[in-house]
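Single-structure report; data block below.
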Amino acid sequence: MSQLATQAPAVAAPRSPRSRRTTRTNYELYGWVFMRASGVVLLVLIFGHLFMNLIDGEGINAIDFGFVAGKWASPLWQVWDLLMLWLAMIHGTNGVRTIINDYAERTGTRVVLKSALYLSFVVVVVLGTLVIFTFDPCPAGSPADLLPSFCEA
Amino acid sequence: MSKAPAGTLYRGREGMWSWVAHRVTGFLIFFFLLVHVLDTSLVRVSPEAYNAVIGTYKNPIMGIGEAGLVAAIVFHAFNGVRVMLVDFWSQGPRYQRVMLWVVIGLFVVTMAGFLPRHLMNVFGGGH
């Protein structure tokens, strides 16, 4: 008995306050709130996007360079697509981060997968943002029948 | 930490399966999103490059894939509203099962509206 007592781990006295604190920040709470707030906005943005691109007019058959140029000629769709890009990428990256944390049990695996995830996030968000802001609807030397009609001038 | 014995952690039924479906659809949508930003970025290369790649989205196999993608998005969106109601509505946890069946009903109605329209466009009858 005496040997058992010396080896037993320290057990807190009954009713002593639990120390549940494992992190110092509220970032997981902010992430939880963000998933819900961005989810509501994305529902509107993505349903609008799907309606414009897959249902309206000839649906997917109408999509080509001229279609994109026509949409991005309007600041509404530039802002719409920019907001959709950022919100969806943050929402999706945070979701996949949660999945990695749940299923990748080894620390090294988690580090590798999350590094790849965050790298993809940066590349895709930077690329998409640059494309929206530097898009040229009338590139020089392109055949006129591939360009939007407003390029004629 | 030792693993929980089988049969205690996952409770099954509507609550668990909606959670599984939410994960699976979210995961699929995210990977499509990565590809979709890359293909759209081709507008910055040339009209020809963009049209060539977007042209592959118009063949029947991809068209069926798009129907699956839209189905995943519609489920994830409606079930996301259900998740928020469970979190924020005082009666949400009590009605979470019923709300999943409402989500499935709305999903069926939405897809019944979308699928004929999209498949006619893809298979050439919708002009």
Problem set entry | segment B:14-122, accessible area per residue, ligands and nucleic acids excluded (1.4 Å, Å²) | 50 Å²
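So if each residue of separation counts as 0.36 nm, and I subtract the Cα-Cα distance between A:Thr129 and A:Arg36, what length gain in nm does that give?
Length gained, A:Thr129 through A:Arg36: 31.1 nm.
So what's the back-of-envelope 222 nm ellipticity for chain B, counting only DSSP H runs of four-plus at -39500 (n - 2.57) apiece and dividing by all residues, rounded to 500?
Numbers: 4 runs with 95 residues, N = 127.
Computed ellipticity for chain B at 222 nm equals -26500 deg cm²/dmol.
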Seminar exercise, completed: Around A:Ile63 (Cβ within 12 Å, Cβ-to-Cβ, excluding A:Ile63; K/R +1, D/E -1) the net charge comes to -3
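Under the rule of -39500 (n - 2.57) per DSSP H run of 4 or more residues, summed and divided by the residues of chain A, what mean residue ellipticity at 222 nm is obtained, to the nearest 500 deg cm²/dmol?
Rounded to the nearest 500, it is -21000 deg cm²/dmol.
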Problem set entry | Förster radius 35 Å - calculated FRET efficiency between A:Glu58 and A:Val122 (Cβ-Cβ, nearest 0.05) | 0.45
Seminar exercise, completed: A student applying the Cα gyration tensor rule (rounded when a/c is under 1.5; otherwise prolate if a/b is larger than b/c, oblate if not) would label segment B:41-127 oblate
Exercise. To the nearest Å, what is the center-to-center distance of segment B:48-74 and segment A:64-113, using C-alpha atoms only?
Worked result: 18 Å
For this session: Could you check which residue among B:Thr25, B:Thr110, B:Thr56 shows the biggest mean-square fluctuation in a GNM of chain B with a 10 Å Cα cutoff?
Result: B:Thr56
Problem set entry | Cα-centre dipole for segment B:14-122 with unit charges at Cβ (Lys and Arg positive, Asp and Glu negative), debye to 20 | 220 debye
Seminar exercise, completed: When the charge dipole of the protein assembly as shown is computed with +1 on Lys and Arg Cβ and -1 on Asp and Glu Cβ about the Cα centre, the Cα farthest towards its positive end, among A:Gly59, A:Leu85, A:Ile132, belongs to A:Leu85
For this session: Helix by helix through chain B, keep the DSSP H runs that span 20 Å or more along the axis on Cα and average at least -1.0 on Kyte-Doolittle, and give those back in order.
Result: B:13-41, B:60-88, B:96-122
Exercise. When chain A is modelled as a GNM with alpha-carbon springs shorter than 10 Å, which of A:Ile55, A:Ile90, A:Ile132 fluctuates the most?
Worked result: A:Ile55
Exercise. Quick one: ranking B:Met120, B:Met16 by accessible area, 1.4 Å probe, largest first, what do you get?
Worked result: B:Met120, B:Met16
Problem set entry | Of B:Gly26, B:Val98, B:Val70, farthest towards positive along the dipole that unit charges on Lys, Arg, Asp, Glu beta carbons give chain B | B:Val98
Exercise. What are the semi-axes of the equivalent ellipsoid of chain A, taken as the square roots of 5 times the eigenvalues of the Cα gyration tensor, listed largest first and rounded to whole Å?
Worked result: 53, 17, 13
Problem set entry | Mean separation of Cα contacts under 8 Å, 6 or more apart, over the residue count of segment B:14-122: relative contact order % | 34 percent
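Around A:Leu113, under 11 Å between beta carbons, what's the net of Lys plus Arg minus Asp minus Glu among the other residues?
Taking every other residue near A:Leu113 into account, the sum is +4.
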Exercise. Hey, got the dipole for the protein assembly as shown? About the Cα centre, +1 on K and R Cβ, -1 on D and E Cβ, debye to the nearest 20?
Worked result: 2000 debye
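The values are calculated or read from the model by the stated rules, or taken from the named source; none is laboratory data. As the structure is a computational prediction, the values presented were derived from the model and not from experiment. Note: ideal-geometry Cβ built from the backbone for every residue, glycine included; neighbour counts use all protein chains shown. Heads up: the accessible areas ignore ligands, DNA and RNA and are worked out on the full protein's heavy atoms, side chains in. Shrake-Rupley method; radii C 1.70, N 1.55, O 1.52, S 1.80 Å.
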